[in-house]
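Report on the structure given below.
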Amino acid sequence: MIIQEETFISERTKKSASLFKKACEVIPGGVTANIKYFNPHPLMMEKGKGSKLFDVDGNEYIDYLLCYGALILGHGHQQVFEAVTKQMMESGTTIFGTPHTMETTMAEKLVELYPGIEMVRYTNSGLEATLLAIRTAVAYTGKEKIAKFEGHYHGGYDQVLVSVNPDIDKAGEETAPKAVGESRGLPDYYLDNTVILPFNDLEATEKILKAHAHELAGVILEPIQGGFIPADQDFMTGLRKMTEELNIVLIFDEVKTGFRISLGGAQKIYGVKPDITALGKVLGGGFPVGAIGGKKDIMMISSARGGRDILTAGAENRNKQDPLYHSGTYNGHPTILAAGLATINILEQKGTMDQLFKKTQLLRNQLEEVYKSHGLTMQTVGMGSIFNIILGDGNIKNYRDMSKSDTKLRKKIDYELLKLGVYTKPLNRYSMSTVHTEKDIQRTVAAHDEAIKRVINK
């Protein structure tokens with residue numbers, strides 16, 4: 001049975017519904033990434049401009065999804081377009097398939113901005129970046145297991161598709177979470193070899209890490225869970241000290257938080273240097289990208305110099321050392337790096353990040369006032385240019401705290417917001433861009449006010 005707000009979405013977006021039905025005939029479930037789906041059908045977009053999206057039915061939306069945070073400059077920023085066009089025209093190609101100078105330029109910029117980065121390797125997505133980070137940790141330590149935190153997402157592959165959004169009844173004790181698989185086709189091997197930790201609980205985390213230290217290659221975490229639940233400073237400082245003492249590689253997944261919390265990511269804010277950092281999203285300026293960076297001695301184990309080439313046959317290779325193998329045809333794609341460098345250049349301009357954060361806080365403050373005026377318990381949770389709306393009180397420290405909020409009411413409001421021209425996937429976080437205006441903010445606040453009235457009246 002389709003609930004009322006979802007039916008209304010179909011009525012005002014008939015072309016989206018029709019095109020989605022057509023997509024379902026050739027694409028399983030009609031989408032190419034599960035995260036893009038919501039009932040009764042996702043909206044088919046046709047155009048983006050600045051802070052706005054336009055669907056195939058001609059509806060306009062203020063966009064707070066921003067490709068899950070990747071578009072920090074909004075849609076179609078002129079300087080990004082110009083940088084991409086210039087690269088293709090001057091190079092005479094979209095890609096060389098060889099090393100090129102822009103790889104070094106971007107790497108130097110990341111070393112400059114991120115305290116924990118001394119050397120860089122490129123990938124084609126944040127998922128690939130975290131995967132490579134884990135492989136690097138295993139190769140460096142010689143240990144095979146990894147630890148991740150309950151509620152943290154690092155990509156849709158076997159090693160980390162565990163305890164992202166587990167059923168609380170299956171997840172075990174809060175201080176000793178169990179590994180819960182999040183997909184069909186997930187081998188038991190990864191459940192047995194992925195240790196689950198409780199986020200923002202240093203004492204419980206220390207106990208688990210000490211028990212498994214002899215077999216743990218690395219700990220991977222989002223320093224700000226989901227991009228909006230911050231780690232406590234004491235927790236982050238303690239985790240860094242603990243992993244150093246136990247010879248466990250500390251991996252920061254800054255795919256969401258890179259450039260959105262500060263130009264140097266969450267690690268700059270916390271004053272904590274991870275051993276390896278994974279980046280993506282904003283780094284590509286709207287194109288698919290990923291990168292890992294870290295300490296020189298760790299990163300150098302992926303060096304191809306003097307190592308065996310696994311794709312080349314012949315006697316020359318036989319006595320050479322096995323490498324930490326990492327490759328990809330499109331790694332360090334020049335068009336993408338041009339877009340990323342243009343994006344970073346704009347973010348580095350004086351006042352840009354400060355203004356972005358001020359606008360984000362203004363929206364948060366005004367939304368909290370609106371919900372309060374309707375007698376609803378609501379808080380915004382986040383840092384920098386990302387936040388989420390939580391219908392509930394109490395400190396939000398981790399996944400289990402989030403599970404206590406009123407998501408049913410939040411979802412109803414989100415569907416009303418779609419009717420009123422405010423776009424994010426229902427229940428998703430809000431990401432701000434440099435091109436969101438005060439007018440956008442006022443329209444958004446007014447839309448929330450109206451959406452709440454509609455839900456209450458129903």
Review point. Filter segment 77-113 for residues that are not in a helix (DSSP H, G or I) and not hydrophobic (A, V, I, L, M, F, W, C); which is farthest from the chain's Cα centre (by Cα)?
Key: G92
Practice item. Answer yes or no as to whether I389 is out of contact with any strand residue (DSSP E or B) (no Cβ under 7 Å at 6 or more places or on another chain), of a type in the set (A, V, I, L, M) and buried (at least 20 other Cβ atoms within 10 Å of the Cβ). Key: no
**Study point:** Yes/no for R410 being among the charged types (D, E, K, R), surrounded by fewer than 22 Cβ atoms within 10 Å (Cβ to Cβ) and in contact with a Leu (Cβ under 9 Å, 6 or more places away or on another chain)
**Key:** yes
Review point. Would a scan of segment 148-165 turn up a residue that is aliphatic (A, V, I, L, M), more than 20 Å from I224 (Cα to Cα) and not in a strand (DSSP E or B)?
Key: no
Study note, to complete from the structure: Condition set surrounded by fewer than 17 Cβ atoms within 10 Å (Cβ to Cβ) and of a type outside the set (S, T, Y), scope segment 413-448, selection nearest to H374 (Cα to Cα): answer is A446
Point to revise | Residue identified as touching an Asp or Glu at 6+ places or on another chain (Cβ under 8 Å), farther than 20 Å from I146 by Cα and either in the same structural domain as P334 (by TED's automatic domain parsing) or surrounded by fewer than 24 Cβ atoms within 10 Å (Cβ to Cβ) (or both) among K268, K256, K281 | key: K256
**Study point:** Among the residues listed as K52, K109, the single one being of a type in the set (D, E, K, R), at negative phi and not assigned by TED's automatic domain parsing to the domain that holds G280
**Key:** K52
Review point. Within the bounds of segment 193-210, is there any residue that is touching a residue at least 12 places away in the same chain (Cβ under 8 Å), in a helix (DSSP H, G or I) and small (G, A, S)?
Key: yes
Practice item. Identify all residues within segment 1-14 that are surrounded by 15 or more Cβ atoms within 10 Å (Cβ to Cβ) and either modelled with pLDDT of 95 or more or among the β-branched types (V, I, T) (or both); write none if there are none. Key: I9, T13
Check your understanding: Restricted to segment 353-398, and to residues that are in contact with a Lys or Arg (Cβ under 8 Å, 6 or more places away or on another chain) and part of a loop (DSSP other than H, G, I, E, B), which residue is nearest to I261 (Cα to Cα)?
Key -> G384
Check your understanding: Which one of these is at pLDDT 95 or above and more than 27 Å from S433 (Cα to Cα): A231, A266, A204?
Key -> A204
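The values are calculated or read from the model by the stated rules, or taken from the named source; none is laboratory data. For clarity, every value in this text was computed on a predicted model and none was experimentally measured. Glycine also receives a Cβ, built like all others from the backbone with ideal geometry; neighbour counts cover every protein chain displayed.
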